[in-house]
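Novice: What follows is a single structure, and I will ask about it in a moment.
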Amino acid sequence: NAGVMQNPRHLVRRRGQEARLRCSPMKGHSHVYWYRQLPEEGLKFMVYLQKENIIDESGMPKERFSAEFPKEGPSILRIQQVVRGDSAAYFCASSPPQSSYNEQFFGPGTRLTVL
Amino acid sequence: KQEVTQIPAALSVPEGENLVLNCSFTDSAIYNLQWFRQDPGKGLTSLLLIQSSQREQTSGRLNASLDKSSGRSTLYIAASQPGDSATYLCAVRGTGNQFYFGTGTSLTVIP
């Protein structure tokens with residue numbers, strides 16, 4: 001059973017370009033979470049999605065950031081018109097359908113560098 | 001808003017020592033608490049999950065305790081090994097969907 005997969009592992013963009021980060025949850029998991037880890041800071045929650053639904057996006061910046069989790073395919077975190085401050089590690093986590101356990105399993109992350 | 005603090009920020013111990021990492025949180029209305037390790041440049045590996053109704057969980061040389069009323073959790077590592085060197089993170093899930101992370105304790109085990 002493959003774990004959570006994220007790609008690319010490293011992404012370099014110039015200011016103003018778009019960044020698309022992909023996350024494939026573990027098999028059987030229908031809940032996806034995105035977190036951002038800025039240098040020297042802890043992980044910050046961004047968004048929580050289920051298939052075709054955004055459940056909680058309270059941690060997402062209001063502009064330039066969007067996320068989706070379509071019926072088929074991976075979850076996508078999209079950052080438009082990137083700025084240097086977007087440079088960070090972006091982690092995706094997944095969990096199984098709602099249960100009392102609710103353990104999160106994390107992917108290896110995508111490290112975004114904005115030049 | 002939930003705030004999670006981990007003390008110490010860094011810890012260096014000789015191989016074989018037992019050690020305790022601390023995590024505190026400000027809002028005791030939590031659903032569960034999860035401990036992770038993060039190796040440099042890598043993702044997070046789940047170590048232990050404690051539900052709010054539980055007091056502790058054990059896995060091998062690791063033991064995590066939870067005192068919800070006082071807003072504290074500890075991660076005990078027995079007989080530390082150089083391979084235990086990593087950053088240890090605790091994360092608290094409140095009654096909403098968010099997980100709140102501490103900034104971690106960076107552990108170095110010296111051979």
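The values are calculated or read from the model by the stated rules, or taken from the named source; none is laboratory data. These figures come from a predicted structure and were not determined experimentally. These area figures cover heavy atoms from the full protein model, side chains too; ligands, DNA and RNA do not enter into them. Shrake-Rupley method; radii C 1.70, N 1.55, O 1.52, S 1.80 Å.
Novice: Under a 1.4 Å probe, what is the accessible area of the protein assembly as shown per residue, stated in Å²?
Specialist: With all protein chains present, the protein assembly as shown gives 48 Å² per residue.
Novice: Also, I was wondering about something else. Take the Cα atoms of segment A:1-78, build their convex hull, and give its volume per residue in Å³.
Specialist: So the per-residue hull volume is 113 Å³.
Novice: Could you sort the residues of segment A:25-45 by number and keep only those whose accessible area is reduced by 10 Å² or more in the all-protein-chain setting relative to the chain alone, 1.4 Å probe?
Specialist: A:TYR33, A:TYR35, A:GLN37, A:GLY42, A:LEU43, A:PHE45
Novice: Continuing with the same structure: Sort segment B:1-63 into rounded, prolate or oblate with this rule: let a ≥ b ≥ c be the square roots of the eigenvalues of the Cα gyration tensor; rounded if a/c is under 1.5, and if a/c is not under 1.5, prolate when a/b is larger than b/c, oblate otherwise.
Specialist: Judged from the Cα gyration tensor, segment B:1-63 comes out prolate (a/c at least 1.5, a/b above b/c).
Novice: Return the value, in Å² to the nearest 100, of accessible area buried between chains A and B (probe 1.4 Å, both sides summed).
Specialist: Its buried surface, counting both partners, is about 1700 Å².
Novice: Determine the share of segment A:1-46's accessible area contributed by carbon and sulfur atoms, expressed in whole percent, with a 1.4 angstrom probe.
Specialist: 46
Novice: Same structure again: Please report the antiparallel percentage of DSSP beta bridges with both residues in chain B, rounded to the nearest 5.
Specialist: Once the DSSP bridges in chain B are tallied, antiparallel ones form about 90 percent.
Novice: Against the empirical 2.2 N^0.38 Å scaling, what ratio does the C-alpha Rg of the protein assembly as shown come to?
Specialist: Normalised by 2.2 N^0.38 Å, the Cα Rg of the protein assembly as shown equals 1.02.
Novice: Turning to a different aspect of this structure: What percentage of all Cα-Cα pairs in chain B are separated by more than 20 Å?
Specialist: 35
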